[in-house]
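For reference, the structure discussed in these notes is given below.
We did not get these values from a lab; they are worked out from the coordinates using the rules stated. It should be emphasised that the depicted structure is a prediction, and the values quoted were computed from it without experimental measurement. Glycine gets a Cβ as well: all are built from the backbone with ideal geometry, and neighbour counts include every protein chain shown.
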Amino acid sequence: MGLIAAWGMAACGDDHDCDDGADAPIEAADASTDTGLWETFGGADTDDTAETEAGPEVDASAEIPELPQAVCPAIVCDLPEDGVIGPRTDVHCAIHPTDDAMGFHWSFTEPIGSGLVAKPSDFVTSIQFRPWVTGDYTVRVALETLDGEMPCDDQAVPFRVVSDEGFRVVLTWTTPTDPEVDLVGTDLDLHLRHQHATDWFDDPWDAYSRNASPNWAGNGPMDDPIFGLDDTDGEGPETFVLFTPEADRTYRVGVHYASARGFGESFATVQVFVAGALAGSCEGIRMVAHDLWDVGTIAWPSGDVVLVCDPPAITAGFPSPF
Ligand SMILES: [Ca+2]
Ligand SMILES: [Ca+2]
Ligand SMILES: [Ca+2]
Ligand SMILES: [Ca+2]
């Protein structure tokens with residue numbers, strides 16, 4: 001495993017004084033080999049816009065204290081040279097802050113349905129996470145300095161997770177009366193039924209948040225549905241991935257509106273990806289509490305996806321075991 005780094009001298013734009021010359025550019029490991037990765041992933045250019053000439057002289061008698069210089073620390077992630085890893089591989093990223101750093105605002109871009117990690121604290125300089133959904137990711141950090149500016153907000157390290165992902169089902173939703181993304185919201189549940197299931201909530205053949213890790217087919221986990229997180233406070237995503245579906249099976253997708261928590265109707269979107277490519281979707285399907293939406297089927301090994309969007313096949317007041 002090598003190291004891939006992004007470094008941010010280029011992030012010190014015209015609005016920021018980066019040229020005091022006292023701070024040497026941060027060394028990036030294997031810098032000469034990174035260009036291809038950045039090009040591959042459309043990442044930022046790493047042109048040497050850093051200036052190294054001495055800055056203006058400082059008047060020692062001035063009463064206004066000199067503000068710290070903004071220097072962007074490198075993000076260094078434990079990734080292979082080509083930035084490509086398999087699913088469920090631990091990734092560790094760190095920065096080495098300068099004295100003027102007060103906060104580190106970490107963020108991610110990630111494939112649909114990944115729901116990678118909770119946002120890291122603004123005070124940690126290293127993070128570890130385990131991406132599990134196939135696709136392109138980027139880790140970013142924005143530096144907050146003593147003067148409150150964040151001149152390094154284009155720090156980014158891209159990488160790609162590849163796998164033989166059979167299919168992925170992703171549920172997201174909106175609730176008009178609850179626009180706030182916080183810890184209070186509606187609870188919809190994604191369901192993925194094996195062909196053996198006789199009905200929804202048929203444990204173990206209907207996988208959902210309360211039956212999230214059933215052992216289907218063979219003993220190993222690759223033919224089982226892998227669940228992300230049960231989102232109980234609005235928006236989603238809730239995701240099932242089945243890496244190696246069984247042959248000659250038809251899987252069925254459903255959505256249950258488990259709890260409205262007083263917020264009323266929600267609008268559900270389901271997307272199905274086969275081998276990483278979008279194969280079908282239904283968007284903005286209106287649901288009220290205790291509705292069960294029979295979304296459609298995924299046949300294997302054909303990968304044929306048949307979803308019922310208009311009109312959606314919804315059963316009101318569906319009895320659930322809880
Ligand atoms: Ca909310
Ligand atoms: Ca849920
Ligand atoms: Ca299994
Ligand atoms: Ca949520």
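What net charge is computed for the residues neighbouring Arg193, neighbours being all others with C-beta under 9 Å from the C-beta of Arg193, Lys and Arg scored +1, Asp and Glu -1?
Cβ neighbours under 9 Å give a net charge of -2.
What net charge is computed for the residues neighbouring Asp230, neighbours being all others with C-beta under 12 Å from the C-beta of Asp230, Lys and Arg scored +1, Asp and Glu -1?
Every neighbour counted, the sum reads -4.
From the backbone phi of region 222-229, what are the Karplus-calculated ³J(HN,Hα) couplings (6.51 cos²θ - 1.76 cosθ + 1.60, θ = phi - 60°) in whole Hz, Gly and Pro given as x?
5, 9, 9, x, 9, 9, x, 10
At a 10 Å Cβ-Cβ cut-off, how would you order Leu229, Leu190, fewest neighbours first?
Leu229, Leu190
Give the Cα extents of region 74-161 along the principal axes, in whole Å, largest first.
Principal extents (Cα only, largest first): 40, 26, 18 Å.
If you plug each phi of region 288-301 into the Karplus form 6.51 cos²θ - 1.76 cosθ + 1.60 with θ = phi - 60°, what whole-Hz ³J(HN,Hα) values come out, in order, with x for Gly and Pro?
Karplus values, whole Hz, x for Gly and Pro: 10, 3, 6, 5, 10, 9, 7, 6, x, 10, 10, 9, 9, x.
Please list, ordered by chain and number, the residues whose modelled amide H lies under 5 Å from the amide H of Val295; skip anything fewer than 5 residues away on the same chain.
Long-range HN contacts for Val295: Val253, Gly254, Val255.
From the square roots a ≥ b ≥ c of the eigenvalues of the alpha-carbon gyration tensor of region 167-315, which class results: rounded (a/c under 1.5), prolate (a/b over b/c), or oblate?
It comes out prolate by the Cα gyration axes.
Phe243: net charge of surrounding residues, Cβ under 9 Å, Lys/Arg +1, Asp/Glu -1, itself excluded?
My count for the surroundings of Phe243 gives -4.
How do Arg252, Arg193 line up, fewest other C-beta atoms within 10 Å first?
Arg252, Arg193
log10 I(q)/I(0), Debye, Cα-only region 110-235, no solvent, q = 0.14 Å⁻¹?
Ignoring solvent entirely, the Cα scatterers give -0.83.
Express as a percent, rounded to the nearest 5, the fraction of DSSP beta bridges in region 74-161 (both residues included) that run antiparallel.
Bridges in region 74-161 are about 90 percent antiparallel.
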